[in-house]
Amino acid sequence: METDFMGKEGFIWAVGVVEDRFDKLFLGRCRVRWLGWHTKNKQDLPTSSLPWAFPMMPITSASQTGVGTSPTGPVEGTWVFGFFRDGKEANDPVMIGTLGGRPDKPCNPDEGFNDPRDYNDATFYDVDPATGELVHLSDNVQNVPQHPLNVVRDFETGSVKIKERSDKPTIEAGQQTAEDHHGNAAVKAEFLRESTVHTDERVPDYEYSYNYPLKRFLGEPTTPRLARGMEDGSTKIKFTMGSNASGALVVKREGDNNSIVQRKYALQMKGYPLAKGNRDGSLVELNEPNPAYSDSVKYPYNHVHVSESGHTIEIDDSPMAERLHWYHRSGSYREMHPGGSVVDKSNEDYWSCVLRNSHEMVGGSKFASIKGGYELVVNTEGSDDDFYLKVKGMGGDVRLDSEQGNIEMYTKNGIAFINAKRIEFNASQEVVINTPLYNQTGGFKEQPTLHGGPQEQRTMHPGTGLQGNVGTQIERKGDFFEIIGGEKSVNSGRISYSSMGAFGISAQGMTTTISHSSEENITGHGTSTPPRPGKSIVTTEGHINLKSGGATTGSGGIVLQLNDNPYGVKKSPKAATGYFQILPSSGNPTASDITLSSSLGEIKIMNKVAEFSMSKGPQGNIVVASHGAGGTAEFKTKLAGLSITNSGTMSIKNDVASLKKIIEALIDDYLQHSHPVTGAVAPTGGPLFPGAAALPFGGVPAPPIHFYPPTKANKAKIDLNALFSE
């Protein structure tokens, strides 16, 4: 049996200060300078020569491979209590626990029993250019975990921006110049708030050093501020509620901006409107609840864990203030309030991932206000599962409201089915229905066609009107415009149109086919003075064709008449009327008589440059005129005609002769007739030369014979040609 073993030689305990926690074996060991056993002179005993002290874990941690709690906790400058497993040799220390205190001065990194870390431009890790691997360079680093300097809202991205503390030395408040403990000039101080109303809110960014104890906590207990509560005035967790200029309830900041309570107030989400407002039309807004930390938090009931970078966990057992709180340095958190309410807050994206089913039960109402978009995709695996949205209750409504954008519903191969007692469509501008087939029935379907609803076509009720629920009635108030790009076909037993106003049809082409008769009655009510046309037919291009005829010979005819009985157009014209008619001849059914008649009135057929007119009155003038420069006039029968050309000549002829030829023959006979001439040089008995003068008988000497040009000699014939044409 051994007579000398660990524990028998006596229990040697000690207290010391952690100077290095970067254990290359990753066992949570720390280099500790033990008070009384080691000198504070780092020249005689540098930190690197201190023995490694093992951490003693609680019984709740297995301290075994793959099982247990992280053995990390102490930081540089932490006072620890422990013992030496090798007794007075003091080379195998064990840390049992840490010792708090109330530091009143900052550390001196050049002396022992202090946080030895110092500002260094070198980074903690660098890349080996030969291997490309990260290598450890120095224990004196500049980038280490620290509480953020501030967390502010970034309105460009919609999230928050974390302002880290500067690693450069800065002067403290009230100083104009400063140097670090190595004599290096410090940079000018940066204030958290450069311009504020209260000067006590100006917090200088002097903590360029990350040495423990932290400067801003000097003179305070090392117990976390949140655990001490507001009873300890040094916590600087102070806030009061008040009202701003508009009367809204606000928090007046009076404490340290680094308090997570103040930071949560600063980052509160407010003013998110809800879909349903008040009855008076005012908005109802959704606001993030106030933090549950209050004056009721009492020491020592709040159990707090704060990490180096600012993460915080609270298990608060304070009476009437019981809470659970998990806080991230960015301001995201989950908090369970004293009454059991739960608040989840993410200052960035939020993910909830469920591999199988997700169940949510809400005993009351659920409210959601989203400032961006919202997407919901259901049945992504293509199963037979459906999506149901159901509102139960006597008066529960479903309202889908889009203030500025569109509302779109798509079903690729199914049916969009709406079943309601009454359906209203209210559009301030237009309603558009794009479909190759539009079927409107008077029946009612309990279910859509794909779910067992009726698919048979409804049979129209015989008759002329709508009776009961049979048929379809469409009632519209106001204007109704129907524009069809293609073809429209209406097939009905009877169609009736009734309009209190004008009735217009505009089309590229129009064809009306009527198997029996057609009758159009125009009463002409409301015509103006002087009277406007009761009916007008206008064509800007093309002609108007009125055709009457059918399978039976002699059954056609056209009658245009004006009399005192507009409904008697099918009757024979009466006296004292004006009419134009084309009717089959009574003696010959294959021929038609054309009659244009006016009882003591004028008949005018005219255009801009020509007219045919028969005036009224006892004179009974008949005028046929052409006023155009190139106009002609012509009267013809099958065997004869009278025409006037655009050059001004006339032609009167028939198939036997023309007037011009008859007159020309008369002139020729006159010019070519012969008789004796006395005193003429020409032979006796010859024709009379043009211009020759015949002398009287009696032996008087004949004067000289005068000869004129042929044009003058034939002047009568020339004038005749200018007057008549063939």
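Going through 517, 489 one at a time, which residue ends up being at pLDDT 75 or above, under 38 Å from the mean Cα position of the chain (by Cα) and assigned to a loop (DSSP other than H, G, I, E, B)?
Numbers: 517 fails: under 38 Å from the mean Cα position of the chain (by Cα).
Selected residue: 489, the only one of 517, 489 that is at pLDDT 75 or above, under 38 Å from the mean Cα position of the chain (by Cα) and assigned to a loop (DSSP other than H, G, I, E, B).
Return yes when residue 372 is within 24 Å of residue 288 (Cβ to Cβ), in a loop (DSSP other than H, G, I, E, B) and either out of contact with any Pro (no Cβ under 8 Å at 6 or more places or on another chain) or not acidic (Asp, Glu) (or both) and no when it is not. Full working, then the answer.
Details: within 24 Å of residue 288 (Cβ to Cβ): yes; in a loop (DSSP other than H, G, I, E, B): yes; either out of contact with any Pro (no Cβ under 8 Å at 6 or more places or on another chain) or not acidic (Asp, Glu) (or both): yes.
Yes: the conditions hold for residue 372.
Of the numbered criteria (1) closer than 26 Å to residue 627 by Cα; (2) at pLDDT 75 or above, the one residue 608 fails is (2). In the condition set (1) modelled with pLDDT of 80 or more; (2) outside any loop (DSSP other than H, G, I, E, B), residue 388 is compliant with all but (2).
Output the residue which, of all residues in segment 221-231 that are modelled with pLDDT of 90 or more and over 15 Å from residue 260 (Cα atoms), is farthest from the chain's Cα centre (by Cα). Ranking the candidates gives 221 first. In summary, residue 396 fulfils each of the numbered conditions (1) out of contact with any strand residue (DSSP E or B) (no Cβ under 8 Å at 6 or more places or on another chain); (2) at pLDDT 85 or above; (3) under 30 Å from residue 344 (Cα atoms) with the single exception of condition (2). Screening residue 108 with (1) under 13 Å from residue 213 (Cβ atoms); (2) within 60 Å of the chain's Cα centre (by Cα) gives one miss only, at (2).
Being surrounded by 14 or more Cβ atoms within 10 Å (Cβ to Cβ), in contact with a strand residue (DSSP E or B) (Cβ under 7 Å, 6 or more places away or on another chain), over 18 Å from residue 579 (Cα atoms) and modelled with pLDDT under 80, is that true of even one residue in segment 611-623? No, segment 611-623 contains no residue that is surrounded by 14 or more Cβ atoms within 10 Å (Cβ to Cβ), in contact with a strand residue (DSSP E or B) (Cβ under 7 Å, 6 or more places away or on another chain), over 18 Å from residue 579 (Cα atoms) and modelled with pLDDT under 80. Does residue 315 qualify as being assigned by TED's automatic domain parsing to the domain that holds residue 284 and exposed (fewer than 11 other Cβ atoms within 10 Å of the Cβ)? Criteria not met by residue 315.
Of the residues 187, 80, the single one that is modelled with pLDDT of 85 or more, among the aliphatic types (A, V, I, L, M) and either closer than 25 Å to residue 54 by Cα or more than 51 Å from the chain's Cα centre (by Cα) (or both) is 80. Could you check how many residues of segment 304-348 are assigned to a strand (DSSP E or B), within 45 Å of the chain's Cα centre (by Cα) and acidic (Asp, Glu)? Summing the residues that are assigned to a strand (DSSP E or B), within 45 Å of the chain's Cα centre (by Cα) and acidic (Asp, Glu) in segment 304-348 gives 2.
For residue 305, are the conditions met, namely being within 23 Å of residue 160 (Cα to Cα) and modelled with pLDDT of 90 or more?
Details: within 23 Å of residue 160 (Cα to Cα): no; modelled with pLDDT of 90 or more: yes.
For residue 305, the condition - within 23 Å of residue 160 (Cα to Cα) and modelled with pLDDT of 90 or more - is not met.
Within segment 391-411, can one find any residue that is small (Gly, Ala, Ser), surrounded by 10 or more Cβ atoms within 10 Å (Cβ to Cβ) and part of a loop (DSSP other than H, G, I, E, B)?
Taking segment 391-411 as the starting set, the residues that turn out to be small (Gly, Ala, Ser) are 393, 395-396, 402, 405.
Within this subset, residues satisfying the condition of being surrounded by 10 or more Cβ atoms within 10 Å (Cβ to Cβ) are none.
Taking every residue of segment 391-411 in turn, none turns out to be small (Gly, Ala, Ser), surrounded by 10 or more Cβ atoms within 10 Å (Cβ to Cβ) and part of a loop (DSSP other than H, G, I, E, B).
Looking only at segment 333-375, residues that are of a type in the set (S, T, N, Q) and surrounded by 17 or more Cβ atoms within 10 Å (Cβ to Cβ) come to 1 in all. Beta carbons closer than 8 Å, at least 6 apart along the sequence or on distinct chains, pair a first residue in segment 57-73 that is closer than 14 Å to residue 28 by Cβ with a second that is surrounded by 10 or more Cβ atoms within 10 Å (Cβ to Cβ) and among the charged types (D, E, K, R) for 72/21. All of (1) more than 30 Å from residue 580 (Cα to Cα); (2) of a type outside the set (Lys, Arg); (3) exposed (fewer than 13 other Cβ atoms within 10 Å of the Cβ); (4) at pLDDT 75 or above hold for residue 684 with one exception: (4). Restricting attention to segment 43-51, does a residue exist that is under 60 Å from the mean Cα position of the chain (by Cα) and either of a type outside the set (Phe, Trp, Tyr) or surrounded by 13 or more Cβ atoms within 10 Å (Cβ to Cβ) (or both)? No: segment 43-51 contains no residue that is under 60 Å from the mean Cα position of the chain (by Cα) and either of a type outside the set (Phe, Trp, Tyr) or surrounded by 13 or more Cβ atoms within 10 Å (Cβ to Cβ) (or both). The strands (runs of 3 or more DSSP E) found wholly in segment 616-668 and carrying at least 3 residues that are in contact with a Ser or Thr (Cβ under 8 Å, 6 or more places away or on another chain) and within 27 Å of residue 601 (Cβ to Cβ) occupy 622-626, 633-636.
Residues in segment 604-627 that are closer than 19 Å to residue 648 by Cα and of a type in the set (A, V, I, L, M, F, W, C): 6 in all. Give the number of residues within segment 82-93 that are surrounded by 15 or more Cβ atoms within 10 Å (Cβ to Cβ) and not in a loop (DSSP other than H, G, I, E, B). The total comes to 5.
The values are calculated or read from the model by the stated rules, or taken from the named source; none is laboratory data. Remember, predicted model here, so these are calculated numbers, not experimental data. Cβ coordinates were reconstructed from backbone atoms using ideal geometry, including for glycine residues, and neighbour counts include every protein chain displayed.
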